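Colleague: Have a look at this one.
Taken together, the values in this text are just the output of simple stated rules run on the coordinates, not laboratory data. These numbers were taken from a predicted model, which means no experiment stands behind them. Cβ atoms come from the backbone with ideal geometry, glycine included; neighbour counts cover every protein chain shown.
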Amino acid sequence: MSTFFTIAVIALVFLIIFQIAKASEYVAVLKGEEKSRKENNKVNGFFMVSFLIMGLIGIYWCNELFYGKTLLAHDPASVQGERVDSMMRLTLVITGFVFIITQVALFWFAYRYQETDKRKPYFFPHNNTMEVIWTVIPAIALTVLVVIGLRNWFSFTGEAPSNALQVEVTGHQFGWTFRYAGNDNKFGKKYYKLIDASNSLGLQWKDSADLNIKDDPDSHDDIVLDATMYVIKDKPVKLLINSRDVVHDVGLTEFRMKQDAVPGTPTTLWFTPKFTTREMQEKLNNPNFEYEISCDQMCGNGHYSMRGVIKVVSQFEFDAWMAGQSPAYYGAYPDKDPSKKPLPAVAAADSSAKKVAMVSSKAK
Amino acid sequence: MSNEAVLHTNVEGAITHDEHHDEHHEHHHHETFITKYVFSQDHKMIAKQFLITGMVWAVLGGLMSVLFRLQLGYPDSHFPFLENILGKWWVQNGQITAQAYYALVTTHGTVLVFFVLTAGLSGTFANFLIPLQVGARDMASPFLNMLSYWFFFSASVVMLSSIFVETGPFSGGWTAYPPLSALKDASPGSGTGMDLWLIAMALFVVSSLLGGLNYIVTILNLRTKGMSMTRLPLTIWSLFFTAVLGVLSFPVLLSGFILLIFDRNFGTSFYLSDIYISGVGALPNEGGNAILFQHLFWFLGHPEVYIILLPAMGMVSEILSVNSRKPIFGYMAMVGSLFAIAILAFLVWAHHMFVTGLNPFLGSIFVLLTLLIAVPSAIKVFNWLTTLWRGNIRFTPAMMFAIGFVSLFISGGLTGIWLGNSALDIHLHDTMFIVAHFHIVMGVASMFGMFAGIYHWYPKMYGRYLNNTLGYIHFWITMVGAYLIFWPMHYEGLAGMPRRYYSYSAWESFKQFGGLNQFISTVAMIVFSVQILFLLNFFYSIWKGRKVTTQNPYGSNTLEWTAPIRPGHGNWPGEIPEVHRWAYDYAKDGREFIPQTTPVDPNEANH
Ligand code: HEM
Ligand SMILES: [Cu+2]
Ligand SMILES: [Cu+2]
């Protein structure tokens with residue numbers, strides 16, 4: 001009902017506007033087209049400067065309203081982010097300056113040089129000096145930006161420091177899986193055809209003749225997690241990025257970093273976090289704050305829900321957390337778990353005791 | 001029946017001559033409804049067909065955006081009436097479903113980029129203006145020209161039908177990246193919907209190639225006596241470069257699609273490797289590379305944005321000059337910068353791929369070339385500004401849209417400088433900042449160019465005027481609305497808000513813009529309804545508009561205004577006029593304007 005009503009009102013408004021417009025056309029014809037054109041011209045010339053002035057005020061106001069909600073309002077959470085932000089500020093100053101000059105000129109000229117009978121337009125088909133000037137100046141400004149930009153680009157995309165913590169990130173519809181190398185600091189091999197319910201990355205845990213795959217012991221201590229990963233404050237992290245199905249993108253807004261996850265073609269990204277999650281929560285006065293991983297590449301109907309979390313913690317907290325993790329291998333082959341090796345005497349008899357043991361002793 | 005007779009004056013028109021020997025009068029030959037309005041070979045009628053089909057798509061595409069903005073702006077509201085209209089697949093509990101959201105976003109992007117701003121814009125104005133402004137009776141091949149429209153029409157029909165298939169239309173984004181677009185198990189829209197999308201796009205590519213070749217040949221070979229290349233109006237130059245860009249880049253897109261079709265249907269692995277789909281299992285494909293498609297796509301994709309923009313630039317140059325009553329400033333620099341843009345447009349595609357794992361060194365080359373393209377863009381802006389300077393400006397609705405175009409092009413072009421710098425793009429890529437950038441610089445700006453063209457040449461198309469008051473209302477609300485919609489969107493991008501999200505409510509980092517999203521959606525609806533007002537004006541004026549009574553209502557120099565008010569087939573009843581000068585002798589030697597057909601006076605000043 002209310003829909004119907006709204007449509008009726010809109011239709012009515014249209015009709016009225018339309019009628020007024022028609023009427024003004026008849027008036028124009030009666031008044032003389034020349035005269036009414038000149039009147040229109042005055043009105044629109046006035047609107048042009050008004051638009052300029054209101055627009056500039058609007059831009060200021062918009063900035064007041066929303067600046068505080070952007071990332072620029074607080075310190076970037078990574079060392080790289082600082083360079084992104086300072087480069088962004090410089091770019092803003094340069095483009096902002098050009099923006100103001102050109103927009104003011106545009107609307108001011110429109111207003112200032114609106115038609116009058118007094119003025120003869122100036123025949124001015126070209127002027128080489130002017131054209132050279134406004135080719136060269138933008139070229140110089142752009143060169144400056146490119147130089148700064150490329151310095152940052154090579155530093156961001158260059159090799160990660162050798163002490164970096166390595167974490168493998170794998171995207172899938174619609175979530176993230178993380179892998180740490182475990183005690184041996186080596187990621188074991190994996191093959192996508194081995195993926196199943198208990199082996200979400202397809203790690204090579206056993207020989208498989210039909211796939212021509214060998215057991216890779218390096219994979220036995222790899223730790224696999226969903227949804228949340230841990231990294232260490234002030235220590236570079238290198239992400240090894242994969243996808244299990246379609247193209248995703250590891251979006252790390254707070255760290256100003258991003259890299260696609262492409263099935264079959266691994267990519268990498270590294271950064272150095274500056275604040276722990278807790279520090280950030282205090283800084284922002286928001287106890288719910290988390291470093292979120294957003295998927296930034298359209299990956300299907302659940303794209304918007306592909307959320308991951310990065311906890312930045314101190315080295316000490318990290319070690320304690322890591323000590324509580326057990327390799328994924330033991331999830332699939334509980335009998336291989338040394339911490340759960342049944343005592344020979346009770347061996348086959350008491351499986352419930354085994355379960356208790358499994359829960360209580362999550363030793364490394 | 002057709003205009004072959006008059007085409008005998010042109011060598012290039014010879015292709016289709018043999019078919020019709022019976023008609024040798026220029027006018028008043030009997031035409032049936034079908035040959036005049038449907039299977040017409042008259043470039044002016046074909047232009048109108050492109051225009052009106054484009055308008056239909058603009059309305060559909062616009063409506064789609066209103067629907068998905070409804071979801072973004074009012075995520076908690078329920079609209080049960082939509083459920084009644086659209087059905088359960090699209091709307092559940094009065095809310096747009098995620099699958100519908102993605103289907104709408106994808107179809108909106110595809111049809112606006114290709115069907116509205118490519119076919120609707122350059123299809124319309126290349127067809128309408130090229131023969132009239134270069135002084136030709138028609139296109140080099142009117143028959144291929146007709147085919148070009150009908151391929152576009154069939155593309156439209158197929159695309160439209162994809163909306164009604166059971167699994168929904170394609171919903172993986174207008175860029176259609178595989179593997180998502182290749183695997184129906186990864187997304188329901190990648191099934192039948194994607195088949196139809198691909199067929200429609202293939203037909204579209206054929207249409208644009210037929211059109212483009214025709215435009216190029218006509219401009220190169222059918223110019224009237226005296227119309228040297230350097231006397232061409234800038235509209236023609238821009239349409240020329242547009243056509244060249246299209247002819248060289250659309251085939252690459254098609255090849256990318258063909259490989260995709262092979263992957264989808266014939267078990268090849270061009271783009272597929274190491275894929276495990278939940279619920280289906282591991283796929284056999286190994287060794288392909290998903291990024292290959294992105295290279296092929298953007299090799300068209302970037303030129304495509306200029307295919308959309310250049311015609312608008314050309315028309316704006318012409319309209320600014322005519323209505324400032326003063327020559328375009330720096331004609332040769334304008335042509336030169338068009339040329340530079342056309343070349344560079346082929347050399348920057350990977351700036352859309354900085355975060356795909358691209359080799360950093362390669363990335364740096366693309367940064368350089370991308371920022372280089374800002375130089376010719378800057379030249380154009382400064383030249384437009386100088387054209388206004390010390391003019392005597394008439395604010396026709398066309399002129400207002402042209403000025404609006406310049407403003408939008410500045411605003412959106414400047415953010416291009418942010419994005420072209422890869423170190424910043426890492427952060428901004430695929431956020432709402434991108435959406436703001438390309439809507440302002442391409443979407444709205446080219447739309448403004450198109451409106452400017454429609455308002456300016458409507459009298460030539462239909463022999464009647466559009467209602468000016470409605471034109472002014474249309475302009476101001478659209479102008480203000482466009483900025484209100486897209487300016488604040490930059491801030492969402494600066495907060496890192498990703499694009500193509502159905503809902504932000506689960507995100508701690510992105511949920512702070514609820515109020516803004518609601519505002520944007522509301523403005524979008526108002527702006528959309530004003531476009532309906534424009535359409536009313538358009539169709540009403542075809543039959544009821546004020547009649548054009550003078551041949552050259554704007555005091556314009558170009559050739560189309562030497563043709564009769566309602567030109568018939570062949571455009572000029574007698575001889576095609578001869579050209580003696582460039583198109584921009586306004587305010588020269590104290591004369592308000594000097595049409596191109598006026599011979600040069602020996603005493604005239606040289607410029
Ligand atoms: C000063 C010149 C310009 C530069 C340096 C520039 C740069 C860029 C860059 C680097 C991107 C990729 C951003 C990303 O996805 O992360 C981009 C996106 C885009 N640009 Fe521009 N741009 C410029 C002008 C234009 C113009 C004139 C148009 C259209 C007429 C345009 C249309 C687009 C579109 C459509 C996209 C987004 C495509 C998508 O991902 O869906 N740009 N621009
Ligand atoms: Cu995604
Ligand atoms: Cu591009």
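Colleague: Considering the options A:230, A:164, A:149, tell which one lies farthest towards the positive end of the dipole of chain A, charges being +1 on Lys and Arg and -1 on Asp and Glu at the Cβ, about the Cα centre.
Modeller: A:149
Colleague: Output the relative contact order of chain A, whole-number percent, from Cα pairs under 8 angstrom with separation of 6+ residues. Don't jump to the answer; show the numbers that get you there.
Modeller: Values: 485 pairs, mean separation 54.0, N = 364.
The value is 15 percent.
Colleague: Take every Cα pair under 8 Å in chain B that's 6+ residues apart, average their separations, divide by the length, and report that relative contact order as a whole percent.
Modeller: 15
Colleague: Under 11 Å from the 7 Å Cα→Cβ point of residue B:228, by amide nitrogen: which residues of segment B:574-598?
Modeller: Only B:581-582 fall inside the zone, counting backbone N under 11 Å.
Colleague: Where in segment A:115-193 are there chymotrypsin sites (Phe, Trp or Tyr not before Pro) that are in a DSSP coil and have at most 15 other Cβ atoms within 10 angstrom of their Cβ? List each step's numbers first, then the result.
Modeller: Details: sites: A:122, A:123, A:134, A:153, A:154, A:156, A:174, A:176, A:178, A:180, A:187, A:191, A:192; in loops: A:122, A:123, A:174, A:187, A:191.
Sites meeting the loop and neighbour criteria: A:122.
Colleague: Roughly how tilted is helix A:33-66, in degrees to the nearest 10 and between 0 and 90, from the longest Cα axis of chain A?
Modeller: 30
Colleague: Okay, moving on. Have a look at the DSSP beta bridges in the protein assembly as shown and tell me what percent are antiparallel, nearest 5. Please report the intermediate quantities before stating the final value.
Modeller: Working: 38 of 51 bridges.
Counting only bridges with both partners in the protein assembly as shown, antiparallel ones make up about 75 percent.
Colleague: Right, something else. Using helices alone, I'd like the mean residue ellipticity at 222 nm for chain A: each DSSP H run of four-plus residues gives -39500 (n - 2.57), total over residue count, nearest 500.
Modeller: Working: 8 runs with 160 residues, N = 364.
The per-residue figure over chain A is -15000 deg cm²/dmol.
Colleague: Further question: Quick check: Cα centre of segment B:151-180 to Cα centre of segment A:210-271, how many Å?
Modeller: 33
Colleague: Now for a different question. Go through A:162-171, B:314-323, B:393-402 and give me the packing order, highest mean Cβ count within 10 Å leading. Provide the component values of the computation, followed by the final result.
Modeller: Working: A:162-171: 18.7, B:314-323: 28.2, B:393-402: 26.4.
Descending packing order for the listed peptides: B:314-323, B:393-402, A:162-171.
Colleague: What list of ³J(HN,Hα) values in whole Hz, one per residue of segment A:315-322 in order, does the Karplus curve 6.51 cos²θ - 1.76 cosθ + 1.60 (θ = phi - 60°) give from phi, with Gly and Pro shown as x?
Modeller: 4, 4, 4, 4, 4, 5, 5, 4
Colleague: Give the long-range amide H neighbours of residue B:431: residues separated by 5 or more places, or on another chain, with amide H under 5 Å away, using H modelled in the peptide plane at 1.01 Å from N.
Modeller: It is B:499, by chain and number.
Colleague: What ³J(HN,Hα) values, in whole Hz, does the Karplus curve 6.51 cos²θ - 1.76 cosθ + 1.60 give for segment B:290-301 when θ = phi - 60°, with x put for Gly and Pro?
Modeller: 3J(HN,Hα) across segment B:290-301, in whole Hz: 5, 6, 3, 4, 5, 4, 5, 4, 6, 5, 7, x.
Colleague: May I pose another question? In straight Cα distance, which aspartates and glutamates are under 15 Å from residue A:118, not counting same-chain residues fewer than 8 positions off?
Modeller: Excluding near neighbours in sequence, the set is B:592.
Colleague: To test your reading of the geometry: what angle, between 0 and 90 degrees and rounded to tens, separates the Cα axis of helix A:128-157 from the longest principal axis of chain A?
Modeller: Approximately 10 degrees, to the nearest ten.
Colleague: Non-local amide H neighbours of residue B:92 (under 5 Å, H modeled in plane, Pro and chain starts lacking H): which ones?
Modeller: Counting only residues 5 or more places away or on other chains, the set is B:97.
Colleague: So how strong a dipole does segment A:165-336 carry about its Cα centre when Lys and Arg Cβ are +1 and Asp and Glu Cβ are -1, to the nearest 20 debye? Each step should come with its number before you reach the end.
Modeller: Values: 19 positive and 24 negative charges, 66 e Å.
For segment A:165-336, the charge dipole is close to 320 debye.
Colleague: Would you calculate the separation in nanometres between label points at residue B:522 and residue A:38, each defined as 7 Å from the Cα along the Cα-to-beta-carbon direction?
Modeller: The two pseudo-label positions are separated by 4.2 nm.
Colleague: Please work out, to two decimal places, the log10 of the ratio I(q)/I(0) at q = 0.10 Å⁻¹ from a Debye calculation in which every Cα of the protein assembly as shown carries one identical scatterer.
Modeller: -1.19
Colleague: Another question about this same structure. Over all directions, how big on average is the projection of the convex hull of the alpha-carbon atoms in chain B, in square nanometres? Walk me through the numbers on the way to the answer.
Modeller: Details: hull surface 113.3 nm².
Its Cα hull, projected and averaged over all orientations, spans 28.3 nm².
Colleague: For the Cα atoms of chain B, what angle does the longest principal axis make with the long axis of helix B:98-110, in degrees from 0 to 90, nearest 10?
Modeller: Computed tilt is about 20 degrees.
Colleague: Amide H to amide H, which residues 5 or more places from residue A:166 or on other chains are under 5 Å from it, using H placed in the peptide plane?
Modeller: Result for residue A:166 returns A:238.
Colleague: Can you find, among A:285, A:241, A:321, the residue farthest towards the positive end of the dipole of chain A? Put +1 on the C-beta of Lys and Arg, -1 on that of Asp and Glu.
Modeller: A:285
Colleague: While we're looking at this one, here's another question. What lysines sit close enough to residue A:311 to cross-link, taking a C-alpha to C-alpha distance under 16 Å and skipping anything fewer than 8 places away on the same chain?
Modeller: The reachable lysines, counting only those whose Cα sits under 16 Å from residue A:311, are A:233, A:235, A:238, A:274, A:283.
Colleague: Taking the mean number of other Cβ atoms within 10 Å as a proxy for protection, how do you rank B:457-464, B:502-509 from highest to lowest?
Modeller: Working: B:457-464: 19.9, B:502-509: 17.1.
Ranked from most to least packed, the peptides come out as B:457-464, B:502-509.
Colleague: Give the Cα extents of segment A:165-336 along the principal axes, in whole Å, largest first.
Modeller: 56, 37, 23
Colleague: Hey, what do the phi angles of segment A:95-104 turn into as Karplus ³J(HN,Hα) couplings, whole Hz, using 6.51/-1.76/1.60 and θ = phi - 60°, x for Gly and Pro?
Modeller: Those phi angles translate into 5, x, 4, 4, 4, 4, 4, 6, 5, 4 Hz.
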